[in-house]
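Chemist: Here it is, the structure, as structure tokens.
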Amino acid sequence: MKQKLVQKIIFAFFLFIAPAAFAQGNNNLAPVPGELEQAERRNSRKFFIGGFTSNGLSWFGSGIQFSSKLAASLQWQEQRVIQRFDLDVNGVQSDLSGVFTLTNSEKIQRQLALQMEWFPFSGPYYFAAGAGLETYSEKQRKTETYVPSGNYRDYAWNISQQKLFLSAGAGFRYVFNSGFFIHVGGNILFYPDRTTHEQRGSYGTNTNWDYRQLQKDWQEPEKEARTHQNPYGAQLQVLFGVAI
């Protein structure tokens, strides 16, 4: 769900930056305050570092400005989603009979990338290309209890993935006169290899084995792993920092 949201944000971002970059090269349009000074500020402040965190997403970035038009940056991103004792109630009647599902899960995605940034104009807009490594891990444990019979099923599994990616994108890094900067970028990612590893943990029940249900539970990590085997992805970068 979050991946689709990020892809929509990236798409909207490209729609925004395309006309903005075009306007930068059009001398007939009035510049944004401080826009004409961006090349000079980039050239005089060679190093930059920044970060940002919000709602389970964290970014960190640092780099070196070789000239007013070319820079290299190291970008790190983490997305963490943790659910503890998440209770789902299904088919509960007035006498509280039904199925109670207790889920504990943890999803962590990390990306580390090196990208080259090219500023074709004097303003803050750039185009980027790079490569990096993405790691993903997910752990889940479910306990389903049937009330009032007291029957239960308890099972756990985890998946892990490590894959290289190539990236291409665009963005802007606006440097204020004080050296403080705002960096917002978006990249489209391509994954050459998308191998996923699944590992199943303990499986317990106090009733007779239901092999159809067992097969369904057994295939759950494989189903989740398939959602991470898309050859394409999206990446958003948000940094607030200082250039020196």
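The values are calculated or read from the model by the stated rules, or taken from the named source; none is laboratory data. Not measured: the values here are computed from a predicted model. Note that we place each Cβ from the backbone using ideal geometry, even for glycine, and neighbour counts take in every protein chain shown.
Chemist: Output the number of the condition that residue 104 fails; it satisfies all remaining conditions of (1) polar (S, T, N, Q); (2) closer than 29 Å to residue 200 by Cα; (3) buried (at least 16 other Cβ atoms within 10 Å of the Cβ); (4) without any contact (Cβ under 8 Å) to a residue 60 or more places away in the chain.
Modeler: For residue 104, the exception is condition (3).
Chemist: Which condition number does residue 40 fail, the rest of (1) surrounded by 13 or more Cβ atoms within 10 Å (Cβ to Cβ); (2) part of a helix (DSSP H, G or I); (3) more than 29 Å from the chain's Cα centre (by Cα); (4) modelled with pLDDT of 55 or more being met?
Modeler: Evaluating residue 40 over (1) surrounded by 13 or more Cβ atoms within 10 Å (Cβ to Cβ); (2) part of a helix (DSSP H, G or I); (3) more than 29 Å from the chain's Cα centre (by Cα); (4) modelled with pLDDT of 55 or more leaves (1) as the failure.
Chemist: Given (1) surrounded by 12 or more Cβ atoms within 10 Å (Cβ to Cβ); (2) more than 26 Å from residue 236 (Cβ to Cβ); (3) modelled with pLDDT under 90, where does residue 17 come up short, assuming only one miss?
Modeler: The failed condition is (2).
Chemist: Next up: Hey, any hits in region 83-97 for a residue that's touching a Ser or Thr at 6+ places or on another chain (Cβ under 6 Å), touching a residue at least 40 places away in the same chain (Cβ under 8 Å) and either surrounded by fewer than 14 Cβ atoms within 10 Å (Cβ to Cβ) or of a type outside the set (S, T, N, Q) (or both)?
Modeler: Looking for residues that are touching a Ser or Thr at 6+ places or on another chain (Cβ under 6 Å), touching a residue at least 40 places away in the same chain (Cβ under 8 Å) and either surrounded by fewer than 14 Cβ atoms within 10 Å (Cβ to Cβ) or of a type outside the set (S, T, N, Q) (or both), one finds none in region 83-97, hence no.
Chemist: Turning to a different aspect of this structure: Keeping to region 97-131, report how many residues are in contact with a Gly (Cβ under 9 Å, 6 or more places away or on another chain) and either of a type in the set (Lys, Arg) or in a strand (DSSP E or B) (or both).
Modeler: So the count comes out to 15.
Chemist: Kindly indicate whether any position in region 181-197 is in contact (Cβ under 8 Å) with a residue 60 or more places away in the chain, closer than 21 Å to residue 74 by Cα and either aliphatic (A, V, I, L, M) or not in a strand (DSSP E or B) (or both).
Modeler: So far as region 181-197 goes, yes, one or more of its residues are in contact (Cβ under 8 Å) with a residue 60 or more places away in the chain, closer than 21 Å to residue 74 by Cα and either aliphatic (A, V, I, L, M) or not in a strand (DSSP E or B) (or both).
Residue-by-condition table, conditions (1) within 30 Å of residue 240 (Cα to Cα); (2) crowded, with 20+ Cβ neighbours inside 10 Å; (3) β-branched (Val, Ile, Thr):
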site	(1), (2), (3)
140	no, no, no
145	no, no, yes
148	no, no, no
151	no, no, no
158	no, no, no
164	yes, no, no
174	yes, no, no
185	yes, yes, no
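Chemist: Do any residues in region 220-244 that are in contact (Cβ under 8 Å) with a residue 12 or more places away in the chain and of a type in the set (Gly, Ala, Ser) have Cβ atoms under 9 Å from those of residues that are assigned to a helix (DSSP H, G or I) and surrounded by 15 or more Cβ atoms within 10 Å (Cβ to Cβ), where the two are at least six apart or on different chains, and which pairs are they?
Modeler: 233/6; 233/7; 234/6; 234/7; 234/10; 243/41; 243/42
Chemist: Among the residues of region 74-90, is there at least one that is among the β-branched types (Val, Ile, Thr), farther than 24 Å from residue 118 by Cα and either modelled with pLDDT of 85 or more or under 23 Å from the mean Cα position of the chain (by Cα) (or both)?
Modeler: In the first step, residues of region 74-90 are kept if they are among the β-branched types (Val, Ile, Thr); the result is 81-82, 89.
Imposing the further condition that a residue be farther than 24 Å from residue 118 by Cα reduces the set to 81-82, 89.
Those still in the list that are either modelled with pLDDT of 85 or more or under 23 Å from the mean Cα position of the chain (by Cα) (or both) too: 81-82.
Yes: region 74-90 contains one or more residues that are among the β-branched types (Val, Ile, Thr), farther than 24 Å from residue 118 by Cα and either modelled with pLDDT of 85 or more or under 23 Å from the mean Cα position of the chain (by Cα) (or both).
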